[in-house]
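> Below you'll find the structure I mean.
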Amino acid sequence: MSAVEAEKKAAEETKVEEKGGELLFCGAACWDNVGRKKGAPEGNLVSPTRLRPLVGVDIRVVASGSASCHCVALDAEGRCYTWGRNERGQLGHGDAIQRDRPTVVSELSKYKLIRAGAGRSHSVVVTEDGLSLAFGWNKHGQLGSGSARNEIESSPVRCLVSDVKTTACGADFTVWLSSVEGASILSAGLPQYGQLGHGTDKEYNTKDSSVRLAYEAQPRPKAIASLAGETIVKVACGTNHTVAVDSNGYVYTWGFGGYGRLGHREQKDEWVPRRVDIFSKHNVLPPGAIISAGSVSSACTAGGGQLYMWGKIKNTGDDWMYPKPLMDLSGWNLRCMDSGNMHHFVGADNSCISWGYALNGELGYGPNGQKSSAVPKKVDILEGMHVIGVACGTGHSMVIVDRTNVGDGLDQLDVYDGKASDEGSGEPGSKDHVKQSGKKGPAKATDNSRKRKSKDASESEEENSNDESDASDDQVNGKTEKKSIRGGKISGTGQSRGGKKSSSAGKSTGRRQGRSPSANKSANSSLEKTGKRGRLRRS
């Protein structure tokens, strides 16, 4: 493809993204239970499903996070819709009432919003004028309002940043990209693992006579000094780590280093941005590269569009301590990607591809498909559709598809009604919690989900428990188990409930991932249907 053709194609794709498309959702619809021990998941949407309030609405941006149990969507008019868990006011409606249906945030109606991010219990948006507003949990200053005095801000408050271009959220911190010279990247929130990039974790003892540790909040957005001479153009946040790319195509990572998610061939935490060696010299990232950060992994596309990943890629096998090419996706034109807890979604060519460990149908393979897939696999029901945006959270995924040239494809999909906001959060696991036209999906997914344990080796980490409402400060911020790193393995940090459980969970993971030859065959059947170049294949 010539440079002129490439430029023309990029312009066309940008035009499509600005226009927006139909939002589809798959995964857990019972927000009370997802990511928690209590109760079996009920009413999962195991196939990409349309959401009744957004049918026909042109959605341009979707946001969630590897620790998020709520969703944010922006339409072509700049309106903001939120839904999901709302115990800390992270939906921005001025209350703590859970919403199962996408609901417009009325207090943001006077702004035209262009970007959004979502953390564990907070949300951040950016206006076309370069302002940023945030709402939700603010105990660690992650809203960037300059004060952490109010632990919860259930209505939008102004962030102390200007000329903002975009934002990204980790579990309890926020990063902004700005056009201000010398301050192209700023951060605020919890500094525990160095994920803010300011050279410290601000750790202290709560009392002189106590061994209990705490971390000083950073409520005022602060420019990352070590990157003052660089122009940062892309950023993605995992639960407790950050990935950024500068205008020269160099990749930087910092924060929690467990499982090799920083790509530096070691598991050491990095308190300041450190350049990833592989993406330098002859392998810098092109301008159109995509980057992604999940709870325990990172990814980006480099020369030729090749996808590289590093960190904990699978539940079994060795961790990838440095970036390696994912050969299954060689030759595909990747346009967008996002990573959730332990799963990944990609929009490429006229296909949608997903893989990873899943419990709630978040891979979108349908009622007769697999729950999890160790290798990238096409979402068959979306085959032929042009995906223009994806977002992954804890137990759920969102996809934006272009409505042109889909024929009656969208009409074939289920429509989910949800529950009205004035009905409250409802009783967890109630049968009437899901109303949709599909008859098999939710019931079958529920039966299978009960047979699985919701705990595995990766979920023993702090980023995967999502029990923030039930956890004490010790469990949320404590560092008691961070010191249990031995021989390159991590038994758990932060919110994990104990090292003993993670070992037994690891055993159950091994059994769960084993599949019969017939299952393996069905897993790859959809991949062999396409005769195009660079088709999905086993590495």
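We did not get these values from a lab; they are worked out from the coordinates using the rules stated. Keep in mind that what you see is a predicted model, and the values were worked out from it rather than measured. Note that each Cβ is placed from the backbone with ideal geometry, even for glycine, and that neighbours are counted across all protein chains shown.
> Search the structure for amide H atoms under 5 Å from the amide H of MET321, placed 1.01 Å from N in the peptide plane, and list their residues when 5 or more places away or on another chain.
Here the answer is GLY311, since their amide H atoms fall under 5 Å of that of MET321.
> To the nearest Å, what is the center-to-center distance of the range 108-185 and the range 51-95, using C-alpha atoms only?
The two parts, judged by their Cα centres, are 15 Å apart.
> With the calculation restricted to Cα positions, what are the radius of gyration and Dmax of the range 132-202 in angstrom?
Rg and Dmax of the range 132-202, Cα atoms, are 11.6, 32 Å.
> How many nm separate the modelled label positions at ASP380 and GLU203, each set 7 Å beyond the Cα in the direction of the Cβ?
5.0 nm
> Need the full-extension length gain, TYR322 to LYS110, defined as separation in residues times 0.36 nm minus the C-alpha distance. One decimal, nm.
Details: separation 212, 0.36 × 212 = 76.32 nm, distance 4.50 nm.
Between TYR322 and LYS110, full extension yields 71.8 nm more.
> Compute the convex hull volume of the Cα atoms of the range 102-159, divide it by the residue count, and report the result per residue in Å³ as a whole number. Don't skip to the answer; put the middle values down first.
Values: hull volume 4.6 nm³, N = 58.
Once divided by residue count, the hull of the range 102-159 is 80 Å³.
> Whose amide H sits under 5 Å from the amide H of LEU326, counting only residues 5 or more places off or on another chain, with H placed in the peptide plane?
LEU307, TYR308, MET309
> Given the pairs LYS234/LYS314; LYS234/LYS371; LYS165/LYS268; LYS165/LYS324; LYS281/LYS324; LYS19/LYS377, which are separated by over 20 angstrom at their Cα positions? Don't skip to the answer; put the middle values down first.
Working: LYS234/LYS314 26 Å; LYS234/LYS371 32 Å; LYS165/LYS268 31 Å; LYS165/LYS324 30 Å; LYS281/LYS324 17 Å; LYS19/LYS377 28 Å.
Going by Cα-Cα distance, LYS234/LYS314; LYS234/LYS371; LYS165/LYS268; LYS165/LYS324; LYS19/LYS377 fall outside the 20 Å limit.
> Can you tell me the Rg and the Dmax, both Å, for the Cα atoms in the range 285-408?
13.8, 45
> Something else: Full extension from THR231 to SER162: what is 0.36 nm times the residue separation minus their Cα-Cα distance, to one decimal in nm? Each step should come with its number before you reach the end.
Values: separation 69, 0.36 × 69 = 24.84 nm, distance 1.57 nm.
Working it through step by step, the gained length comes to 23.3 nm.
> What distance in nm separates the two pseudo spin-label positions at ASN150 and LYS19, each 7 Å out from Cα along the beta-carbon direction?
Once both label points are built, they end up 4.1 nm from each other.
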